[in-house]
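To keep things clear, I will list the structure first and then write my remarks on it.
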Amino acid sequence: MTKRLTAAALIAATLFLSGCDSSEDRAEEHFQAAMELLQEGDTTRAILEMRNALQLMPEHEQARQMLAQLRREEGDIPRAISHYRKLVEDFPQNGEGQLALAELAMEVGDWNSVERHTGRAAEILGDTPAVAALQVSMAYRDAVVAEDREAREAAAAEADAIIETDPSRIFARRVSIDSRLRSEDWLEALPLIDAGIEIDPDRYELYQMRLGVLEQLGRTEDVTAQLEDMVARYPEKEDLPLVLVRWYVGLQDFDAAEAYLRQRADEAPENLERQSQLIQFVDETSGFEAAQAELERLAAMGDENVVTYRGMLASLMFRNGDRENAVAELESVLVGFSEEEAASEIANDIRVDLARMKALTGDTPAAKELVATVLESDPGNVAGLKMRGAWRIEDDEVEEAIVDLRAALRESPRDPQIMTLMAAAHERAGDSAQQREMLSLAVEASGSAPGESLRYAQLLLQEERYRPAEDVLIEALRLHRDDFALYAALGQVYVALADWPRAEQVADSLGILSNGGENAQAEAAKNSLKAQILAGQERDAELMGFLSELSQSENTGLAAKIALIRTHAARGELDEARTELDAAIAENPDLPMLQFLSAALKATNGQFEEAETEMEAILEELPQAEQVWMALYRLNLVQGNSEAAAEVLDRALEAIPESANLMFSRAGELERKGDIDGAIAIYETLYDRNSSSELVANNLASLLSMYRSEPEAMERAYRIGRRLQDSSNAAMRDTYGWIATRLGRLDEGEEHLRFAVEGIPDHPVILYHYAATLDQLGRNQEALDYYRQAEEKAGDLLSPEDLEAVTAAIARLEAAPAGEDSGSAATDSQ
């Protein structure tokens, strides 16, 4: 029996091994077939054979590596990475796989993976040119991030040596090019880029770099030719045609721009986006009547887009001020639809356009109803999702807004407007990292359009990340060289860096754009920047001379005179300020702004009664002058006349009842008097009008968290205040920290309140909030120290209820045995 079992086992084992051999053989046959197909140029069938080989034998090293390489050559980076990862998991010593993963990680900006796989590739392959190119790229990046110029130049020199030996090393070439771009050595950068294009003619980034260099060199005809070539070479880059149009416009070649847009529209008459772009351009350059004629021409073609053209015409009417008839036209279109047509995509487009008009004319409920109808029939309607997402952001429904915007992004993954809205949603949620990421993606998707670039650069400026802001603005200026706002923002970057030579270059560029003062905005930006440059270098005499010179100019005279007067006053030179002001008033005796400056100057000089008289005289003539009302109100507060200040505020609100600034002041006054309900009511009104105001959001959330205890009020305080959690403003961090504490999230509250108390160490309310949080965490001695500081500094800032809570907590903690966790009733009074 034993012998018979043994024989059976041997037969089974033989069959099993035979099956393995057969599987491996069949896998090898598929692999060899794939290689033959590749030689014949049949990549599609070759990939299929590779996949068959791997199904039979997942550890077939050559098949896995070849399939990964083919996916990479196709541009399918995610699949290529997936196959290379499987390759190095099964065969860790596969140096080519490690190298490929490092290079792909470099392409997608995954620097941790670059470092890991480059290290493994170096161990296996040694110091090859490919490995060296990756290593020098990492060294260069580290030097740029650290702002280590010496290390950056050393890395660039090493990259130059690599491409001299092996010109095909694109990552080393990137370093060499970027080094020249940073040093603005355009003539050296250009041949490096051209050589790279010759080696790798499909690499888009090289054409982008070449475009920027040509623009910097002022080779206008070459820039035009380059853009036209890129449009033809990369039809999938949807932003390029409009970049070309903007370039034509920048050259004042409106005929070329229109001809190009018309050509695109004629090539695809069914493409409504192209038709819309042409109509909008004609409207902006030739006027409403020309655009209307163009639409009538399109409508006369009698195709299925006639209704859409009616909608476009209504939108044109609306933009040109004929709002009532535009709304009536769209409503008429909707009424005319049959039941079947009313459920169509075209009908939804009309509803969305009508919703936009309703929202802009103040009928938000009707707009929301229209969008709800659209999304009920078409849940993936991008325009509807964007509108609903924007409303939800305004209503602090951040999670719901993000759901809507993600759905929109799935339908339209390259829409910079969706990304900008996503950034706004993350800002409301207090997630600055995600906000920054979405703004960055919006810049990329828009092709470095001015609006998206400015939004991202302004955020980077606020975060004091000046070099990244510089990179964003320079890239935008390469394509939009006539945008004064981009230059103005770049000037602010260089002022912040105290990089005066580059700031001067920007001022010179603004001067060219201003065209001798014809472009008033560019001229004003130039003058403001030059004044900042002089002030930043403490060149006071030159600054005053510059302002004095401007004050004599026909274009900037009055504005410069006012700036000169204010500068004298800010420096304490009141006599000089008065002399300049009297001269200006003599030239313009009836100008309210100068009369107001006179009153303000007297207030600064302590001549309160005369200042008040002059302000009252202005208000008698101009009762809507909000700035004067605010100045008169503050003048009384400064003198300690709180009742007179309140009376001024009453009169001001009677004259301008909807003034946000006056209402904000009234809320603060009510809060000081202890009328918390009245203050909250005003802040609620202001927040309903403009929920994006960080200051109003802070004050409303703060009062709700300090004086309300019901769960719905605390939830509302959290929804409003969570945007403050990444703020650099200590008072705002106090608001969010106290909300977190009130909600029982003590560790989170402690972190934010510690930031607040370090920023404003003498404010009794912040000291109390931090003490109460430490108290609840059981850190008794620390809590006692901060309670005592809050009591000592209480003054009029700590409410009677809070002061009572502080006193009780001190007594309780002083009575508690040393080291005992006494618990806390610190927030009971709330």
Quick one: residue 479 ticks every box in (1) at pLDDT below 95; (2) among the aliphatic types (A, V, I, L, M); (3) closer than 27 Å to residue 392 by Cβ bar one, so which box is it?
-> (3)
Out of all the residues in region 291-307, which are crowded, with 21+ Cβ neighbours inside 10 Å and not aliphatic (A, V, I, L, M)?
-> 294
In region 32-67, which residues are within 24 Å of residue 92 (Cα to Cα) and part of a loop (DSSP other than H, G, I, E, B)?
-> 57, 58, 59, 60
Subset of region 207-239 (residues that are loosely packed, with under 14 Cβ neighbours inside 10 Å and under 26 Å from the mean Cα position of the chain (by Cα)) | 236, 238
Identify, from the list 254, 288, the residue that is within 23 Å of residue 349 (Cα to Cα), among the aromatic types (Phe, Trp, Tyr), surrounded by fewer than 19 Cβ atoms within 10 Å (Cβ to Cβ) and without any contact (Cβ under 8 Å) to a residue 60 or more places away in the chain.
-> 288
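Kindly indicate the residue of region 479-491 that is under 14 Å from residue 452 (Cα atoms) and within 18 Å of the chain's Cα centre (by Cα) and also surrounded by the fewest Cβ atoms within 10 Å (Cβ to Cβ) among those meeting that condition. It would help to see each step written out before you state the result.
First, pick out the residues of region 479-491 that are under 14 Å from residue 452 (Cα atoms): 479-480, 483, 485-486, 489.
Retained after the next criterion (residues that are within 18 Å of the chain's Cα centre (by Cα)): 485-486, 489.
Working: 485: 17, 486: 25, 489: 24.
Checked region 479-491; the qualifying residue surrounded by the fewest Cβ atoms within 10 Å (Cβ to Cβ) is 485.
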Going by the structure shown, is residue 177 touching a Leu at 6+ places or on another chain (Cβ under 9 Å), farther than 26 Å from residue 466 by Cα and not small (Gly, Ala, Ser)?
-> no
Residues satisfying the stated conditions in region 40-61, i.e. closer than 27 Å to residue 200 by Cβ, at pLDDT 85 or above and surrounded by 15 or more Cβ atoms within 10 Å (Cβ to Cβ) = 47
For region 68-90, name all the residues that are assigned to a helix (DSSP H, G or I), within 21 Å of residue 200 (Cβ to Cβ) and small (Gly, Ala, Ser).
-> 68, 80
Determine if region 392-406 includes at least one residue that is within 27 Å of residue 331 (Cα to Cα), buried (at least 22 other Cβ atoms within 10 Å of the Cβ) and free of Cβ contacts under 8 Å to residues at least 40 places away in the same chain.
-> yes
Residue, farthest from residue 166 (Cα to Cα), within region 126-155, restricted to residues that are part of a loop (DSSP other than H, G, I, E, B) and either of a type in the set (Val, Ile, Thr) or over 33 Å from the mean Cα position of the chain (by Cα) (or both) = 126
Check region 674-693 and report whether any residue there is more than 15 Å from residue 394 (Cα to Cα), acidic (Asp, Glu) and outside the structural domain of residue 773 (by TED's automatic domain parsing).
-> yes
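Taking residue 513 as the residue in question, decide whether it is under 24 Å from residue 219 (Cα atoms), hydrophobic (A, V, I, L, M, F, W, C) and within 18 Å of the chain's Cα centre (by Cα). Reasoning before the result, please.
Details: under 24 Å from residue 219 (Cα atoms): yes; hydrophobic (A, V, I, L, M, F, W, C): yes; within 18 Å of the chain's Cα centre (by Cα): no.
Considered against the rule, which asks whether it is under 24 Å from residue 219 (Cα atoms), hydrophobic (A, V, I, L, M, F, W, C) and within 18 Å of the chain's Cα centre (by Cα), residue 513 comes out as no.
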Matching entry among 476, 442, 469, 457 (being under 18 Å from the mean Cα position of the chain (by Cα) and under 18 Å from residue 418 (Cβ atoms)) | 442
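The values are calculated or read from the model by the stated rules, or taken from the named source; none is laboratory data. Fair warning: this is a prediction, and the values are worked out from it, not measured in the lab. Don't worry about glycine lacking a Cβ; one is built from the backbone with ideal geometry, like all the others, and counts go over all protein chains shown.
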